[in-house]
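Engineer: Provided herewith is a single structure, encoded as structure tokens, for subsequent inquiry.
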Amino acid sequence: MADKRYYGQFCGLAAALDVVGERWTLLIVRELLLGPARFSEMMENLPGIGPNLLSERLRALTEQGVVTSAPVPGDGRGKQYRLTPLGEQLRGPVLNLARWGMGFLTEDTVGTSRATWGFLAVQAMIRQSEVPEVDETYEFVVGGEIFHIAVRDGVAHARRGHGTDPVLVIDTDTDTFIRVGAELLSPFEALATGKLAISGDHEAVQRCSRLLGLAERRTRPVG
């Protein structure tokens, strides 16, 4: 790590960038926000990084106390990486960055997408100021990945897996879900073209739309 460059500034932002500002680092954190992962799984999910660079980034994050590794349960030789409690504190900033970055997505920047990224996308889209007063569950099937939003006591939480008695189910592919979130495609256009299917109570659909900032949404101007 002797060749690592530091900003050398007595500033919290600069100190944070010293830890996570290198290329690929936050994308590694993104993968680990989804859960523990083996080295091979991260290589598969981060096309273009290269094994040496991934090893270097993981080593740096481990030295900073952001990432740790442990044997894979039931596999004496396997090892998986996970975020430490310190690393888990990056969830909020990463989701805020993802929400901010959606405004920069264009049809010209379309690239690799994964169903599990839909789970992070929906977390980024949740607006706690629009949480419904009624306790209910919304289920999402995005590219085969299943997750849900549970609204309980005025707080909305996104969790992986099936929800309990969902009042609506939203089914779509990963690209469509991200395009809707990035305002490249309106929910109405996605419904009309069959790329998005919604089943459930109409009023619950409206509440969920407000929660995710999709109510009355139109596609943003391009160019």
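Engineer: Look through segment 152-169, keep the residues that are under 19 Å from the mean Cα position of the chain (by Cα) and crowded, with 18+ Cβ neighbours inside 10 Å, and return whichever of them is farthest from Gln128 (Cα to Cα).
Structural biologist: Applying the filter and picking the extreme gives Gly163.
Engineer: Which one is modelled with the lowest pLDDT among residues in segment 158-200 that are charged (D, E, K, R) and part of a loop (DSSP other than H, G, I, E, B)?
Structural biologist: Glu183
Engineer: Answer yes or no as to whether Arg57 is under 25 Å from Ser113 (Cα atoms), surrounded by 15 or more Cβ atoms within 10 Å (Cβ to Cβ) and basic (Lys, Arg).
Structural biologist: Yes.
Engineer: Scan segment 172-185 and report the pairs whose first residue is farther than 13 Å from Gly143 by Cβ and whose second residue is part of a loop (DSSP other than H, G, I, E, B) and among the small types (Gly, Ala, Ser), with Cβ atoms within less than 9 Å and a gap of 6+ or a chain change.
Structural biologist: Partner pairs satisfying both residue conditions: Val180/Ser186; Gly181/Gly213.
Engineer: For the structure I just gave you, tell me whether Glu56 is modelled with pLDDT of 95 or more and closer than 16 Å to Ala16 by Cα.
Structural biologist: no
Engineer: Output the number of residues of segment 18-40 satisfying the condition of being in contact (Cβ under 8 Å) with a residue 24 or more places away in the chain and at negative phi.
Structural biologist: Number satisfying all stated conditions: 15.
Engineer: Right, here's the next one. Among the candidates Ile49, Ile28, single out the residue that is in contact with a Phe, Trp or Tyr (Cβ under 6 Å, 6 or more places away or on another chain) and of a type in the set (A, V, I, L, M, F, W, C).
Structural biologist: Ile49
Engineer: Would you pick out the residues in segment 43-57 that are in a helix (DSSP H, G or I) and under 22 Å from the mean Cα position of the chain (by Cα)?
Structural biologist: Passing the criteria: Met43, Glu44, Asn45, Leu54, Arg57.
Engineer: Considering only segment 38-49, how many residues are under 18 Å from Glu88 (Cα atoms) and surrounded by 18 or more Cβ atoms within 10 Å (Cβ to Cβ)?
Structural biologist: Residues meeting the conditions: 1.
Engineer: Of everything in segment 127-145 that's crowded, with 17+ Cβ neighbours inside 10 Å and hydrophobic (A, V, I, L, M, F, W, C), which residue is farthest from Val180 (Cα to Cα)?
Structural biologist: Checked segment 127-145; the qualifying residue farthest from Val180 (Cα to Cα) is Val131.
Engineer: Is there any pair linking a residue in segment 71-96 that is touching a residue at least 60 places away in the same chain (Cβ under 8 Å) and within 18 Å of Glu31 (Cβ to Cβ) to one that is among the small types (Gly, Ala, Ser) and surrounded by 15 or more Cβ atoms within 10 Å (Cβ to Cβ), with Cβ under 9 Å and at least six apart or on different chains, and which?
Structural biologist: Val94/Ala124
Engineer: Could you run through segment 86-140 and say how many residues are part of a loop (DSSP other than H, G, I, E, B), farther than 23 Å from Arg210 by Cα and at pLDDT below 95?
Structural biologist: Residues that pass the stated criteria total 6.
Engineer: Considering only segment 65-85, state which residues are under 15 Å from Glu41 (Cβ atoms), among the β-branched types (Val, Ile, Thr) and either within 18 Å of the chain's Cα centre (by Cα) or not in a loop (DSSP other than H, G, I, E, B) (or both).
Structural biologist: Val67
The values are calculated or read from the model by the stated rules, or taken from the named source; none is laboratory data. In this text, all values refer to a predicted model and were calculated from it rather than measured experimentally. Here the Cβ is made from the backbone with ideal geometry for all residues, glycine too, and neighbour counts use every protein chain on show.
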